[in-house]
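Chemist: Here it is, the structure in full.
The values are calculated or read from the model by the stated rules, or taken from the named source; none is laboratory data. On a predicted model such as this, the values are computed, not experimentally measured, just so you know. Don't worry about glycine lacking a Cβ; one is built from the backbone with ideal geometry, like all the others, and counts go over all protein chains shown. Just so you know, the surface numbers come from the protein's heavy atoms only, side chains and all, with ligands and any DNA or RNA stripped out. Shrake-Rupley method; radii C 1.70, N 1.55, O 1.52, S 1.80 Å.
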Amino acid sequence: MSLDTPVKGCLHTPVLRERGQREVFCGLTGIIWLHRKMQDAFFLVVGSRTCAHLLQSAAGVMIFAEPRFGTAILEEKDLAGLADAHEELEREVARLLSRRPDIRQLFLVGSCPSEVIKLDLGRTAERLNQRHAPHVRVYNYSGSGIETTFTQGEDACLAAMVPGLAETDAENLLVVGALPDVVEDQCLSLLHQMGVDQVQLLPARRAADAPKVGSRTRFILTQPFLADTAAALERRGAERIAAPFPFGEEGTTAWLNAVAHARGVHPERFEKVTAAPRARARRAVAAHAETLRGKSLFFFPDSQLEIPLARFLARECGMRPLEVGTPYLHRALMEPELALLPETALSEGQDVDLQLDRHAALAPDLTVCGLGLANPLEAAGHPTKWAIELVFTPVHFYEQAGDLAGLFSRPLRRRAILSGEVR
Ligand code: SF4
């Protein structure tokens, strides 16, 4: 299919809204990719041993490097209100910063326990800022499972940084969302070849490269889960460039085209820059589409990547989405995607038992879900794809389009090999 193929999209599709029990990681998970991205940042979770275990098991133990995340564990006396946890936290931070002069940005990350005992991390961050600025900038945000699902941790983190960004009157473009460095470099190279200059990144790799923002700033999201960050940038006067997200050949082309349009790039130059990588991406996807074409697909809500990925899998790989569930549907951000997504059932939020019933009745060929559901579904004979892999694997832009399709074709091929259908 091409960009201008008429489809009856999902713009007017009714959305099933469920607010029951959900099976999703909390926002602390974002620290795993954010600490790799921001090379002079430290993430200090103010939480319990459970929070520390989640981080350790999700990120692995760093033996050789100085870690750039940790947990200030709230002990029973803190939880019982017998100790002043604010004071202890400030003492721990002072100790950490004196030992680690390489830290330039410190994030105090709230958790379920810190919220339950109402620790005021905002005020603590303010006090610490007074003491440690300008060498260290201290932010706070919540990654608690009460308030956030897993990709919302990144949104909360980036949104917390926006009020502190320096003001500018200059025209600039902000590319927003944490991408692996190699993917970010590809994106910057394409924009550079198109003649788009004054490009800045949020988050920047280092505090000194933090972007500036003002009323002539245009920004574009690379991740669909950054609604609060987008709102914070708009409050600073920046204007969002609406676009589908850069997944697959079509999504990447539409994303770049939206920037080209905003910046007045000549169509001939756009064509010249994108023709070769588009062709490469199409070829790479086609190799996997053979396995995926005609197969049905069910998304449980997890990462907020569900709608863009369903669009990619339907339009470029020929799959048939039966239900696309997402934790939150931010209509303003998702409109360009909904317009392209072939008609399917949409759901927002979760009532896991009801959704499992619908899933069992539909018996899709492939199910995308969180870790908690994947094992029982596999045991019941349903091939699954772990949604968390989609945020840990480089999947954006042209050069990753084939790998993205491969993440979905692999479980189907494995299943076919095990059952003896193919060798
Ligand atoms: Fe568990 Fe809450 Fe800690 Fe997340 S923040 S690990 S949900 S206790």
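Chemist: State in Å² the accessible area per residue of the chain; use a 1.4 Å probe, count heavy atoms of protein chains only, and round to the nearest integer.
Modeler: 43
Chemist: Roughly how many percent of the accessible protein surface of the chain is carbon and sulfur, given a 1.4 Å probe and a whole-percent answer?
Modeler: Accessible surface attributable to carbon and sulfur in the chain totals 52 percent.
Chemist: Can you give the local net charge around Leu16? Use residues other than it whose beta-carbon is closer than 10 angstrom to its beta-carbon, Lys and Arg +1, Asp and Glu -1.
Modeler: Around Leu16, the charge tally is -2.
Chemist: Work through the residues other than Arg216 whose Cβ is under 10 Å from its Cβ and net out their charges, Lys, Arg +1 and Asp, Glu -1.
Modeler: Spelling it out: positives minus negatives among the neighbours equals -2.
Chemist: If you don't mind, there's one more thing I want to ask. What's the ranking of 308-319, 89-100, 278-289 by average number of surrounding C-beta atoms within 10 Å, highest first?
Modeler: Highest-to-lowest ranking by the protection proxy: 308-319, 278-289, 89-100.
Chemist: For labels at Thr50 and Leu362 in the simple 7 Å Cα→Cβ model, what's the distance in nm?
Modeler: That separation, rounded to one decimal, is 3.0 nm.
Chemist: Additional query: Based on the Cα coordinates of the range 162-276, what is the per residue volume of their convex hull in Å³?
Modeler: Taking the convex hull of the Cα positions in the range 162-276, it is 98 Å³ per residue.
Chemist: Could you give the spread of the C-alpha atoms of the chain along their three principal axes, from largest to smallest, in whole angstroms?
Modeler: In descending order, the Cα extents are 61, 53, 43 Å.
Chemist: Here's another thing I want to ask about it. As a test, work out the antiparallel percent of DSSP beta bridges whose residues both lie in the chain, rounded to the nearest 5.
Modeler: Around 0 percent antiparallel, to the nearest 5.
Chemist: Suppose a student asked you for the relative contact order of the range 66-212, using Cα pairs under 8 Å spaced at least 6 residues apart; what percent would you report?
Modeler: 18 percent.
Chemist: How long, wide and thick is the range 212-297, going by the Cα atoms along their three principal axes, in whole angstroms, largest first?
Modeler: Here the Cα extents, ordered largest to smallest, are 46, 35, 17 Å.
Chemist: Let me ask you something else. Return the loop-located chymotrypsin sites (Phe, Trp or Tyr not before Pro) in the range 261-307 (DSSP other than H, G, I, E, B) with at most 11 other Cβ atoms within 10 Å of their own Cβ; answer none if there are none.
Modeler: Filter output for the range 261-307: empty list.
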